[in-house]
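A short write-up of the structure that comes next.
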């Protein structure tokens, strides 16, 4: 008895898909940045500017995507590693004359 054409499975051709899934994307959240400044005028020509800037104001973390390698023991798990920068603040004093 001859097997049909569709039942000829070979050990080397069982899996035809890749063991890595590059199309899985990470979650995306917008970063909220803020800047405040105030100018103080002294006489006619001297201006002092006080400036404060903050990046990622809400301190929202974006974690890495899940592990997509089928051979990894951590397949499908999400590591708690923050990909974006945590909240960052900077202040400046500028004098123009």
#### Entry: Filter result (part of a loop (DSSP other than H, G, I, E, B) and under 21 Å from residue 31 (Cβ atoms)) within segment 78-97
79, 80, 81, 83, 84, 85, 86, 87
### Query
For residue 70, are the conditions met, namely being in contact (Cβ under 8 Å) with a residue 40 or more places away in the chain and over 29 Å from residue 30 (Cβ atoms)?
yes
## Note on the structure
Of the residues in segment 78-89, those that are surrounded by 10 or more Cβ atoms within 10 Å (Cβ to Cβ) and in contact with a strand residue (DSSP E or B) (Cβ under 8 Å, 6 or more places away or on another chain) number 8
### Query
Looking at segment 58-77, is at least one residue closer than 28 Å to residue 93 by Cα and either assigned to a strand (DSSP E or B) or in contact with a strand residue (DSSP E or B) (Cβ under 8 Å, 6 or more places away or on another chain) (or both)?
no
### Query
Within the bounds of segment 70-77, is there any residue that is under 25 Å from residue 38 (Cβ atoms) and at pLDDT 80 or above?
no
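The values are calculated or read from the model by the stated rules, or taken from the named source; none is laboratory data. For clarity, every value in this text was computed on a predicted model and none was experimentally measured. Cβ atoms come from the backbone with ideal geometry, glycine included; neighbour counts cover every protein chain shown.
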